[in-house]
Structure formats: C-alpha cells, structure tokens
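What follows is a set of notes on a single structure, which appears directly below.
Please treat every number below as a calculation from the coordinates, not as lab data. Values in this document were obtained by computation on a predicted structure and should not be read as measured data. Please note: Cβ atoms are built from the backbone with ideal geometry, for glycine as well, and neighbour counts cover all protein chains shown.
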Amino acid sequence: MRIIDGKKTAADFKAEIRARAVAFEKARGRKVGLAVIKAGDDPASAIYVRNKIKACEECNIASFSYYFDDKVDESALIELVSALNDDKNVDGILVQLPLPRGIDERRVLSAIAPEKDADGFHAVNAGKLFLGERTGSVACTPRGIIELIKSTGVDICGKHAVVVGRSNIVGKPVAALLLQNDATVTVCHSKTRNLGEITRTADILVAAVGKKKFITADMVKRGAVVIDVGMNRDDEGLFGDVDFESVKDVAEYITPVPGGVGPMTIAMLLLNTVDGACA
Ligand code: GUN
C-alpha cells in the first residue's frame, strides 16, 4: 500500500499558482482577487473558510471576506454577489455551503457570473463539464481527486471507477470527470442494492458518502486506488468515509484523512481563481 500525499501534491500546485499570481500582479498592477462569502455558524465551514483565506495569502491572492449570521436573507446575498460580479478587483467568487436553512442555494449560486464561479457550481459550468467543454471552471474537490489519481501514475483509461455518493458538489461532477478520462463509471448511493458487490469490482473507488468509516476492507478489491472524500468530525476527531486501518492492507493506493483530498480542494480553488483572472 502507498499513501497518496495530498498535502505534498497541493503544495506543488500552490507553488505554481503563486508564481502565476505574482506574474499577474506585475503585469496588471493588482493582485488576483477571491471573494469569500460565508453565512451561518456551521463549525466545519468556519474551518474551511479560514483555510481558504490562509491559502490565498500563501499564493499572493487577495481575499475579500464577507460574513453573515444565519438570519441573513437571500436577497442580501444575491445583491452582494451582483456587486462582486461587477467588481474589477474580484476574479473569483466563492459562496461557502451549506447556507442557512430557508435560503435557496441554487438561486444564490446562479447569481454568480459563470466566469467568476471559482467553485464550478454554477449550472453553466456544471453543464459544460457534462458536455465535455473545457472552457468552464470545474468543481474543486472533483478536480483535485483526478489530480491525485493521476499523481499515482495509474492510468484512468478503461478502468472501472465506482463513485459512492451522488451530491452536486462531489459525486456527480467527479463521475463526469472520470468519464471524461475514459473510465467506465458506476455511481452508487444510499438506495443502491448490494453496494459491497459493486464496490468490490472497482479499480478506482471514490468514497463521498459523509459516513465515518463506511467503506470497510471487505468492500474493496485488492490493488484498488481508494480516494476518501469524507470529513466526518466527532468527539474522537476527524475521520474519512473509509476505514483506513483495514482498507490500507487491501488497497494499492489510498488517500489519508486529513492530508488527502482536503488540501487539494483548496489548491484547485486557487487554481480556478487564477485561471479565471488570466482568461
Ligand atoms: N462545502 C463543502 N465543500 C465545499 C466546497 O468545495 N465549496 C463550497 N463553496 N462549499 C463547500
């Protein structure tokens, strides 16, 4: 078994992003800019947003943060997004999810100009991904997952990739990207029957279910590449969706939690922002 080092891969990407952001500032007389909007008091979101802003600093990207409590109304968020769409110093806009209850996430995300959609969640960019058009931004976690698989040297083409989870931010877009890379893709979810039977046929297994240690060794084929997207926090700490201790003896490559997919998500956010600025 070999551990896929997301921290190291993310650091390599960030060095390149920083060089591009420094060159951008020299050429254009301003920094690449990312606006970050957070509403409500989700504790995990607070950690993610803090880490994203810190990563901007490391990469010479200006960050503009906007915090709201959970009483904020949808129209205030949409108005802010519209103003940021017109702001010449802002190249990327990120609305941290989840938003407080009662706010229609789709409406807020749809208000972002597609060319400033640093997260790749806008319907136009999600649609471009499914059509195989390469001009849109791609969701950060899925983009990072593909880079981590490629970092192993394992060829995705022709492999059976099984994605467990069908969310808009991970499961669906990572399935589309794996397909674009010529994998045979199966998407499983909470209603899937005989899940273990299917996951045991995976050459590449992506776990994005949001349940601590959900994928156990008996569900994994010997020699598989296992990507753990889980970020499950409880009193005992932070855990992935994969039971790392048992699965590591079966998998050929496996991402740890923390230090696997998480750092790559942030690096890809910065990459989308710099790509947007340079477009
Ligand atoms: N919530 C969980 N993951 C993400 C992400 O990648 N981007 C945003 N905006 N919110 C999230």
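Some points to look at:
- Cβ-defined net charge surrounding ILE93, 15 Å radius [Lys, Arg +1; Asp, Glu -1]: -4
- Share of pairwise Cα separations in the chain, more than 26 Å, in percent: 42 percent
- Under 11 Å, Cβ to Cβ, from VAL32 - net charge with Lys/Arg +1 and Asp/Glu -1: +2
- Anisotropy class of region 29-76 from Cα gyration tensor, a/c 1.5 cut: oblate
- Its Cα gyration tensor gives region 120-279 an equivalent ellipsoid, and the semi-axes of that ellipsoid, as √(5λ) in whole Å with the largest first, are 25, 18, 14.
- Alpha-carbon centroids, region 11-88 and region 220-279: separation in whole Å: 22 Å
- Percent of alpha-carbon pairs separated by more than 19 Å within region 193-249: 21 percent
- Placing +1 on each Lys and Arg Cβ and -1 on each Asp and Glu Cβ, with no other charges, gives the chain a dipole about its Cα centre of roughly 460 debye.
- Estimated FRET transfer efficiency when R0 is 45 angstrom, pair GLU197-LYS7 (beta carbons, to 0.05): 0.85
- Antiparallel bridges, percent of DSSP beta bridges restricted to the chain (to nearest 5): 10 percent
- For region 5-156, average projected area of the Cα convex hull in nm²: 9.9 nm²
- Alpha-carbon Rg/Rh ratio, for region 1-89, with Rh computed the Kirkwood way: 1.06
- Potential extension, GLU25-GLN180 segment - 0.36 nm per residue separation minus Cα distance: 52.4 nm
- Alpha-carbon centroids, region 109-132 and region 147-187: separation in whole Å: 19 Å
- Kirkwood hydrodynamic radius of region 207-279, from inverse mean 1/r over distinct Cα pairs, in Å: 13.2 Å
- Loop-located GluC sites (Glu not before Pro) in region 188-270 whose Cβ has at most 11 other Cβ within 10 Å (DSSP): GLU236
- Entry note, the chain: the mean residue ellipticity at 222 nm calculated from DSSP H runs of n ≥ 4, each adding -39500 (n - 2.57), is -13000 deg cm²/dmol after division by the residues and rounding to the nearest 500.
- Kirkwood Rh (inverse of mean 1/r, distinct Cα pairs), region 91-186, angstrom: 14.1 Å
- Were the residues from ASN168 through GLU16 laid out at 0.36 nm apart, the gain over their Cα-Cα distance would be 51.9 nm.
- Over the chain, relative contact order from alpha-carbon pairs under 8 Å, at least 6 apart, %: 22 percent
- Based on the Stokes-Einstein relation at 20 °C and a viscosity of 1.002 mPa s, and on the Kirkwood radius from alpha carbon pairs, region 57-96 is assigned a translational diffusion coefficient of 185 µm²/s.
- Those trypsin sites (Lys or Arg not before Pro) in region 1-55 that DSSP places in a loop and that have at most 14 other beta carbons within 10 Å: ARG30
- Neighbour net charge for SER190 - beta-carbon separation under 10 angstrom, K R +1, D E -1: +3
- Karplus-derived 3J(HN,Hα), 6.51/-1.76/1.60, for each residue of region 32-41, Hz, glycine and proline x: 4, x, 10, 9, 10, 10, 10, 10, x, 10
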